[in-house]
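Participant: Got a structure here, written out as structure tokens. Questions coming.
The values are calculated or read from the model by the stated rules, or taken from the named source; none is laboratory data. Fair warning: this is a prediction, and the values are worked out from it, not measured in the lab. A quick note on method: Cβ atoms are made from the backbone with ideal geometry, for glycine too, and the neighbour counts reach across all protein chains shown.
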Amino acid sequence: MLDLLKDLWGFMKERKKFWLAPIIIVMLLLGVLIVLAQGSAVAPFIYTLF
């Protein structure tokens with residue numbers, strides 16, 4: 001996992017594609033929200049966001 005992040009950062013740094021960083025961060029946050037919503041007591045509160 002750490003190697004993937006290093007490779008991704010190296011790609012963005014080398015090709016000057018820093019605009020990809022916010023997109024990747026938002027996608028990761030949404031993924032974490034989905035995982036948390038699967039079976040927790042926080043699920044009803046997360047569903048109200050959408």
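Participant: So which residues in segment 6-45 are among the aromatic types (Phe, Trp, Tyr) and not in a loop (DSSP other than H, G, I, E, B)?
Facilitator: Answer for segment 6-45, where residues must be among the aromatic types (Phe, Trp, Tyr) and not in a loop (DSSP other than H, G, I, E, B): TRP9, PHE11, PHE45.
Participant: Oh, and also: Applying the selection to segment 1-46, what residues are modelled with pLDDT under 85, over 14 Å from the mean Cα position of the chain (by Cα) and surrounded by 10 or more Cβ atoms within 10 Å (Cβ to Cβ)?
Facilitator: Listed by number, the residues that qualify are ALA37, SER40, VAL42, ALA43, PHE45, ILE46.
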